[in-house]
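Notes follow once the structure below has been shown.
The values are calculated or read from the model by the stated rules, or taken from the named source; none is laboratory data. Just so it is clear, the structure is predicted and the values come from calculations on it, not from any experiment. Note that we place each Cβ from the backbone using ideal geometry, even for glycine, and neighbour counts take in every protein chain shown. Protein only, heavy atoms only, side chains kept; ligands, DNA and RNA dropped before computing areas. Shrake-Rupley method; radii C 1.70, N 1.55, O 1.52, S 1.80 Å.
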Amino acid sequence: MILGKANLSEWANFRSSPSSSGWSAVGGQTNNPYVLDRNPCGSSSGSAVAVAASLAAVTIGTETDGSIVCPAGTNGVVGIKPTLGLVSRAGVVPLSLAQDTAGPITRNVTDAAAVLSVIQGVDPRDPATVPDGNRDYLRALNPNALAGKRIGVWRSAAGDNQEALDTLDAAVATLRARGATVVDDLELTGMDQAGEAEFSALLIEFKHDVNAYLAGTPGRHPGNLSGLIEFNRRHTSTELRYFGQELFEQAQATTGDLNDPAYRALRETATSLSREAIDSVMAANRLDAVLAPTNNAAWLTNLTKGDDLTDFVASSSPSAMSGYPAITVPGGYARNVLPLGVTFFGGRLSEPTLIALGYAFEQAGHVRKPPTYLRTLP
């Protein structure tokens with residue numbers, strides 16, 4: 001039974017910077033159900049909030065870089081960012097087909113595994129879908145899966161955020177108590193260079209991919225990115241009420257040519273360095289997965305200043321740029337109220353391992369508690 005569509009950050013938060021995650025001109029501002037004046041992160045904000053608030057049993061989010069795992073972590077639920085090509089993107093408004101994927105957001109790992117088992121598969125409408133992903137992920141649900149596993153910890157992803165570090169320390173203690181070997185304080189080399197290339201590549205990909213999407217989508221709407229920019233200019237009181245469209249304009253200024261050697265070098269840098277970062281650290285340390293913090297505590301929503309990234313914590317980029325999978329599960333709470341998640345990620349098509357580890361961690365701690373809809377923190 002399909003209940004409806006959820007609100008998301010306007011154009012996957014790729015219209016302007018700064019902007020407010022969870023705001024769109026259609027749906028307004030999505031609020032975090034744990035503390036209502038706090039932000040839900042994005043861009044799949046409504047999908048995570050709907051599940052956290054028990055408005056739906058399961059939802060689907062889409063991710064280019066962080067748009068499933070950040071809202072899932074920030075709203076105290078489970079999110080799976082699958083291997084690129086495991087789930088069809090047909091019908092999904094693109095940001096970048098080099099990184100976009102859909103995935104489940106649910107209240108527990110069991111539901112996420114069930115949903116992923118259903119939505120995976122080859123789709124002739126999406127040539128990136130792979131034939132080797134036909135698996136029943138419910139078979140991976142083993143509460144003892146942590147025993148004997150080797151898990152690396154990407155601690156520096158938390159930066160100096162003490163709340164995220166404390167949550168990570170608690171997760172490490174759980175892993176060790178359940179029989180896992182923890183290889184702590186690993187570094188993923190090359191990620192700074194990969195991230196610099198990613199943004200420039202995304203601008204070009206967005207122009208190309210959204211133009212193709214609009215051209216092939218029936219109905220009355222702007223036919224390309226230039227038309228979207230002009231539409232927003234004609235509707236400033238709604239579309240541009242709180243923030244602009246600088247990223248749209250930067251993307252429009254590119255060639256949008258995916259055959260341009262300069263673009264291809266950018267994409268190759270972002271993808272190859274991120275894959276090498278994951279593959280090499282896992283091989284060198286004989287790891288089954290890498291553990292990292294998912295998010296920092298939700299910030300106060302501010303439609304004028306946009307998202308507060310002062311103490312921002314994220315670990316999504318290696319998996320996003322490489323096209324490899326990740327799962328986030330509830331890990332703890334900041335100030336005993338605001339959810340903090342932890343992420344397990346690994347190599348291509350490692351979903352069975354990641355789901356098994358996420359499930360065993362979930363069952364060991366039973367961290368998640370339902371939201372209480374506080375208006376604000378004391």
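Out of A102, A98, A157, I need the residue that is more than 19 Å from C41 (Cβ to Cβ) and of a type in the set (A, V, I, L, M, F, W, C). Which one? Unique residue meeting the criteria: A98.
When S54 is tested against (1) among the polar types (S, T, N, Q); (2) in a loop (DSSP other than H, G, I, E, B); (3) under 15 Å from the mean Cα position of the chain (by Cα), exactly one condition is not met: (3). As a summary of the residue check, P378 satisfies the conditions (1) closer than 17 Å to C70 by Cα; (2) modelled with pLDDT under 95; (3) not β-branched (V, I, T) except for the one numbered (1).
Screening T83 against (1) in contact (Cβ under 8 Å) with a residue 60 or more places away in the chain; (2) over 23 Å from A251 (Cβ atoms); (3) surrounded by fewer than 23 Cβ atoms within 10 Å (Cβ to Cβ); (4) not aromatic (F, W, Y) leaves a single unmet condition, (3). Set side by side, the residues A157, A98 differ, and just one is buried (at least 19 other Cβ atoms within 10 Å of the Cβ), closer than 23 Å to G73 by Cα, within 17 Å of the chain's Cα centre (by Cα) and not hydroxyl-bearing (S, T, Y), which is A157.
Within segment 227-239, identify whether any single residue is within 30 Å of G323 (Cα to Cα) and open to solvent by less than 60 Å² (accessible area, probe 1.4 Å), and answer yes or no. Yes: segment 227-239 contains one or more residues that are within 30 Å of G323 (Cα to Cα) and open to solvent by less than 60 Å² (accessible area, probe 1.4 Å).
Among the conditions (1) within 25 Å of G61 (Cα to Cα); (2) under 22 Å from the mean Cα position of the chain (by Cα); (3) in a loop (DSSP other than H, G, I, E, B), the only one that T189 does not satisfy is (1).
Out of the residues in segment 198-215 meeting the condition of being of a type in the set (G, A, S) and open to solvent by 10 Å² or more (accessible area, probe 1.4 Å), tell me which one is farthest from I278 (Cα to Cα). Explain how you work it out, then say what you get.
Initial filter on segment 198-215 (of a type in the set (G, A, S)): 200-201, 212, 215.
Pick out the ones that are also open to solvent by 10 Å² or more (accessible area, probe 1.4 Å) and you get 200, 212, 215.
Numbers: S200: 22, A212: 32, A215: 37 Å.
Among them, the one singled out is A215.
Out of segment 353-378, which residues are without any contact (Cβ under 8 Å) to a residue 40 or more places away in the chain, surrounded by fewer than 18 Cβ atoms within 10 Å (Cβ to Cβ) and on the phi < 0 side of the Ramachandran plot? Scanning segment 353-378 gives a single hit, P378. Can you spot a residue in segment 276-286 that is hydroxyl-bearing (S, T, Y), in a helix (DSSP H, G or I) and touching a residue at least 12 places away in the same chain (Cβ under 8 Å)? Checking segment 276-286: at least one residue is hydroxyl-bearing (S, T, Y), in a helix (DSSP H, G or I) and touching a residue at least 12 places away in the same chain (Cβ under 8 Å). A single entry from Y333, Y373, Y324 fulfils the requirement of being aromatic (F, W, Y) and farther than 19 Å from R38 by Cα: Y324.
The lone criterion from (1) open to solvent by less than 50 Å² (accessible area, probe 1.4 Å); (2) under 23 Å from A171 (Cβ atoms); (3) assigned to a loop (DSSP other than H, G, I, E, B) left unmet by F312 is number (1).
Within segment 111-119, identify whether any single residue is of a type in the set (S, T, Y), in a loop (DSSP other than H, G, I, E, B) and surrounded by fewer than 23 Cβ atoms within 10 Å (Cβ to Cβ), and answer yes or no. So far as segment 111-119 goes, no, none of its residues is of a type in the set (S, T, Y), in a loop (DSSP other than H, G, I, E, B) and surrounded by fewer than 23 Cβ atoms within 10 Å (Cβ to Cβ).
Of all the criteria given as (1) over 22 Å from N336 (Cα atoms); (2) buried (at least 24 other Cβ atoms within 10 Å of the Cβ), the one not satisfied by P71 is (1).
For segment 34-49, what are the residues that are crowded, with 24+ Cβ neighbours inside 10 Å, at negative phi and not β-branched (V, I, T)? So that I can check it myself, show each step before the final result.
So in segment 34-49, the residues crowded, with 24+ Cβ neighbours inside 10 Å come out as 34, 39-49.
Filter again for at negative phi, leaving 34, 39-40, 42-49.
Once the filter is applied, which keeps residues that are crowded, with 24+ Cβ neighbours inside 10 Å, at negative phi and not β-branched (V, I, T), segment 34-49 yields Y34, N39, P40, G42, S43, S44, S45, G46, S47, A48.
Quick check on my filter: what residues within segment 277-309 are of a type in the set (S, T, Y), under 21 Å from S17 (Cα atoms) and open to solvent by less than 10 Å² (accessible area, probe 1.4 Å)? Once the filter is applied, which keeps residues that are of a type in the set (S, T, Y), under 21 Å from S17 (Cα atoms) and open to solvent by less than 10 Å² (accessible area, probe 1.4 Å), segment 277-309 yields nothing.
Restricting V342, V337, V367 to those that are more than 19 Å from the chain's Cα centre (by Cα), β-branched (V, I, T) and either closer than 15 Å to A170 by Cβ or modelled with pLDDT under 95 (or both) reduces the list to V367.
Among the residues of segment 315-332, those that are crowded, with 24+ Cβ neighbours inside 10 Å and either touching an Asp or Glu at 6+ places or on another chain (Cβ under 7 Å) or not in a helix (DSSP H, G or I) (or both) comprise S315, S316, A320, M321, Y324, P325, A326, I327, T328, V329, P330, G331. Of the conditions (1) modelled with pLDDT under 95; (2) open to solvent by less than 30 Å² (accessible area, probe 1.4 Å), G152 satisfies every one except a single condition; which number is it? Here G152 clears every test but (1). A search for C-beta distances below 7 Å between a residue of segment 179-191 that is farther than 17 Å from G346 by Cβ and any residue that is open to solvent by 30 Å² or more (accessible area, probe 1.4 Å) and in a loop (DSSP other than H, G, I, E, B), counting only pairs 6+ apart in sequence or on different chains, returns G179/A147; G179/G148.
Residue by residue, here is whether (1) under 26 Å from the mean Cα position of the chain (by Cα); (2) farther than 17 Å from A12 by Cβ; (3) loosely packed, with under 13 Cβ neighbours inside 10 Å; (4) modelled with pLDDT under 95 holds:
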{"position": "Q245", "(1), (2), (3), (4)": "yes, no, no, no"}
{"position": "T255", "(1), (2), (3), (4)": "no, yes, yes, no"}
{"position": "R267", "(1), (2), (3), (4)": "yes, yes, no, no"}
{"position": "R275", "(1), (2), (3), (4)": "yes, yes, no, no"}
